[in-house]
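Contents: one structure, followed by commentary.
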Amino acid sequence: MKGRKRVAKSAGGKAARKGRTKRSGTGHRRHRSWRRVLAALLLLLVMVGAVWVGLLDLKVRHRFEGSMWSLPARVYARPLELYAGLEIGRAQLRRELELARYRAVRRPDEPGEYRLLRERLEISTRPFRFWDGEEPGRHVVVRLESGRVAGIRGVGGDEIPLLRLDPALVASFYPAHREDRLLVRLEEVPPLLVDGLLSVEDHRFLEHHGLVPGAILRALIANLRAGHTVQGGSTLTQQLVKNFFLGNQRTLARKLEEAVMALLVELHFSKRQILEAYLNEVYLGQEGERSIHGFGLAARFWFDKPLERLALHQQALLVGLVKGPSWYDPRRHPERALERRNLVLKIMAERGVIDRRTSEEAAARPLDVTPQAPAGHSRYPAFVELVRRQLRGQYREEELRSAGLQIHTTLDPWVQEQAQKRLAERLAVLEKGRGIERGSLQGAVVVSRAATGEVLAVAGGREGRYAGFNRALDARRPVGSLIKPLVYLAALEQPRRYTLATLLDDSPLTLVDERGERWSPRNYDGRFHGRVPLYLALAHSYNVATVRLGMEVGVESVVELLHRLGLEREVTPWPSLLLGAVSLSPLEVAQLYQGLADGGFTTPLRAIRAVLDAQHRPLSRYPLDIVQAVDDRTAFLTTAALERVVAEGTARGLKGMLPDSLRVAGKTGTTDDLRDSWFAGFSRDHVAVVWVGRDDNRPMGLSGAAGALGVWGRVMGGLPTRPLRPDPPAGIEYAWIDPVTGLRTGEGCEGAVRLPFVVGSLPSFGEGCGSGIVEWLKGLFGERE
Amino acid sequence: MRRMVMRLALGLVMSGGVAGCGSVPPAPVEEPGDALSRGRQEPPREPASAPGAAVDALLARADRAWEEGQTGQAAVILERALRLSPDDPAIWFRLARVRLEQGRHALAASLARRSLSLSGGDGGVAEAARELLEAVCSATGGAICSP
């Protein structure tokens, strides 16, 4: 009692004090104090109520005025660009269209439809906002001839030099609560759908102020009679409030809160705003952990169409789903869904939104949902992981998951799928053919574009569809002989000292290693080969000759070259580095070889082209940034030597896998006890690196040539790629060389090979065959190319 | 002032092959059997897109953007052209020209060297690339000069 008084006193303020001075007498006093308490309590209640309403008001306004939803980031593949001359097979074309969610139909009049015949592709493309502007939707015919695009023409007859399709969506970065939605503006929503929604869910929406007391009362009575909830009686505004703030609890307090908030929402915001918010908020489907919200995404989720293209019967189904998307799930419970949809159509006719005939016609149609929901998960998790890492420095995780970013990547879905498929196939074949325990082999593939450093594909393991240990990025393994081209490159940077014909010494060698121990490198075949020309020592991957060469050039020079070519990791210049005792990831190896493949120019490997905000405004671009790391002539010589690896060296096995016309350069890599099998190489357009090994790092019995080479050959063989450029850069001349002496010889002489040299570095003529006067004269003037 | 002179000089070199349709230099010669020559050999059953038409269209757009001073947009379009035709020294040169105008000297020089390397050192594009390298060298007070 005393306590209460004190509360009353402090909270009641002036009113309470006034009362105290006027009255007297014990009975009266008691009576009076009761009234005082009551008044005070009432006042308290009003004040608490006011504060409560004020808080709710703040909550409501905050939600409506800020960005209303967390929007997942969308990750796109590179767009497919079609133009006359493009090499593209039918299988690839079909797959690209499928991935970009184009539908094969007989008459492709609607955006997103195509028809592929033997020599023509008719397609209606969808408009799309790219980082460099809007690409309009077009209806065109693409002529195809023997694996190439022969030309593109609009249905109006106009020639189209270049057609860019909207890209395939390959992943989304979802907010923590896994809500997915595609925002729509009210004017993008078909009016009939809005009318249908209102007639079923809240036909007095335009008149009420957030609540319809009569409806609430009726619902209450109906529910009491039934003993459980049978009727909602909620307005759209109440439903929205419930979704936004309150969740599914059905206590009286919650009902009260909902009612007050509904009134507040109506007070502050227009019917249009409320309706638009509702259309985007409402829950309309579920796929695993991902929940589908809003009509925009629901249209794509159920029908794979943009909302504005839905027919009446489809709109009605969406309206029907508001009541319970899992109960009425049209894929799992088509009968229930059909019944619900037709009820919606009936109500729409009753309310005069559509006439009866229209309603009946629509009710006669099938559900028309796609059999499968478009995939919401990442198709290529290994690649997407690289994207995420490249974004990490610039965007916070929270921002990536909620700001609705549009991330345009360099992913080439065809190359990616080839890489995944070939890796999985080859590993299975290797296990079977060599009696290796099934499932014990693992591998990784990275493919990038030689000229631009764009990463096209990343396979992080044999199970391409599942995220897991990403070997392409995270498996750091000794690279073995993959390092050798760089040792030779470091030597060739001194053309006065070293040419491809310089004889190297492959005789026994002993040196003191970093631990102060004596070290005698040995060759893979266990033999020594005496004096061998430089190009042949690389082609056959002779260890002893390489170590000797590397020691002459200086291990520091090799390390410095690695950094010049883009390696960021610290490397200690120990002699064992010369045989690849440095652990790198396949991605790092790809970075090193990219510089070689692009004629000495290096560029950081990029997986992203641009990031746009939710309104498609460019936020950041990732422009091409190149540096000349190596003289183009030196790069050319090294590439020529790597061609010999394929032609006559450790990578001879590639011959059967690639067309004869496809000249490529590459190098095998094998580590101690056959633990790691590598192959890295390039054509004119593509750089690819393959690693094969075991996760537990135990020997698996495969050399580079036996393991990774087969994967590499099959990946490269499946790509539209061009052979290496035959024409050298300026400042290169060719000459015939006798591999035994390393000296010049005549074209017809036994064993003569034609090698490129930096102008001014030609060796002299040897004795014997070809040392005649003609060659001497040629030598005098050079045989320029 | 220097920029204007540069622009003029390069413009002159570049327009050598082109007058008429914007300023598109002749397409580079490619190996026989590739898209380019194949398309030319085949008798057109209907007026086909000329080979390289896609690149030409992009270059025309890039040149327009560049003329209008939209160097960022020009660079984006040129990079797109490079993806279609990565061995074309003229595209690398144009990108170098854009980067020079943006004041990115080191990058401009690298791009010009790439152009020079692909051109084999001969022809109008190579000449223009050399001039650009000289311009970079003098603009950077000798800090970025070709070997």
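Values as computed for the structure displayed
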{"item": "Rounded to the nearest 10 Å², the accessible area of A:T452 at probe 1.4 Å", "result": "10 Å²"}
{"item": "Among A:410-423, A:300-313, the order from most to least packed when residues are scored by Cβ within 10 Å on average", "result": "A:410-423, A:300-313"}
{"item": "When each of A:K255/A:K305; A:K421/A:K667; A:K242/A:K305; A:K432/A:K484; A:K59/A:K305 is checked by Cα-Cα distance, pairs over 27 Å", "result": "A:K255/A:K305; A:K242/A:K305; A:K432/A:K484; A:K59/A:K305"}
{"item": "Ranked order, A:C769, B:C137 - accessible area, probe 1.4 Å, largest first", "result": "A:C769, B:C137"}
{"item": "Extension gain (nm, one decimal) between A:V51 and A:T251, 0.36 nm per residue minus Cα-Cα", "result": "69.9 nm"}
{"item": "Rounded to the nearest 20 debye, dipole of the protein assembly as shown from Cβ charges on Lys, Arg, Asp, Glu", "result": "7200 debye"}
{"item": "222 nm mean residue ellipticity, helices alone, for chain A (DSSP H n ≥ 4; -39,500 (n - 2.57); rounded to 500)", "result": "-12000 deg cm²/dmol"}
{"item": "Residues with amide H under 5 Å from that of A:R609, placed H, sequence gap 5 or more", "result": "A:H408, A:T409, A:T410"}
{"item": "Extension gain, A:R527 back to A:E397 (0.36 nm per residue minus Cα-Cα distance, nm)", "result": "41.3 nm"}
{"item": "Accessible area, probe 1.4 Å, largest first, for residues A:Y488, A:Y283", "result": "A:Y283, A:Y488"}
{"item": "Cβ-derived FRET efficiency at R0 35 Å, A:A375 paired with A:L117, nearest 0.05", "result": "0.80"}
{"item": "Order of exposure, largest accessible area first, which applies to A:F64, A:F469 with probe 1.4 Å", "result": "A:F469, A:F64"}
{"item": "Cα centroid separation - segment A:308-349 against segment A:43-64, whole Å", "result": "38 Å"}
{"item": "Heavy atoms of A:T721: accessible area, 1.4 Å probe, square angstrom to 10", "result": "20 Å²"}
{"item": "Nearest-0.05 FRET efficiency for A:E767 and A:Q615, computed from C-beta distance (R0 51 Å)", "result": "0.10"}
{"item": "Residues in segment A:400-426 reached by a label modelled at A:R465 [backbone nitrogen below 20 Å; 7 Å Cα→Cβ]", "result": "A:412-426"}
{"item": "Point-to-point label distance, A:R106-A:L220, nm (Cα→Cβ direction, 7 Å offset)", "result": "6.0 nm"}
{"item": "In degrees, nearest ten, helix A:334-350 long axis to first principal axis of chain A (Cα)", "result": "50 degrees"}
{"item": "Cut-off under 5 Å, modelled amide H: who pairs with A:F765 long-range", "result": "A:R744"}
{"item": "Spatial separation of Cα centroids for segment A:438-500 and segment A:606-673, in angstrom", "result": "9 Å"}
{"item": "Chain A: angle of helix A:632-648 to the longest principal axis, Cα-based, in degrees nearest 10", "result": "80 degrees"}
{"item": "Accessible area of A:E188 in the full protein assembly, 1.4 Å probe (Å², nearest 10)", "result": "60 Å²"}
{"item": "Using a Förster distance of 25 Å, the FRET efficiency for A:R94-A:D660 (Cβ separation, nearest 0.05)", "result": "0.35"}
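The values are calculated or read from the model by the stated rules, or taken from the named source; none is laboratory data. Predicted model only: the values in this text are computed from it and were never measured. For neighbour counting, all protein chains shown are included, and Cβ atoms are generated from backbone atoms with ideal geometry for every residue, glycine included. Note: accessible area is taken over every heavy atom of the protein model, side chains too, but ligands, DNA and RNA are not part of it. Shrake-Rupley method; radii C 1.70, N 1.55, O 1.52, S 1.80 Å.
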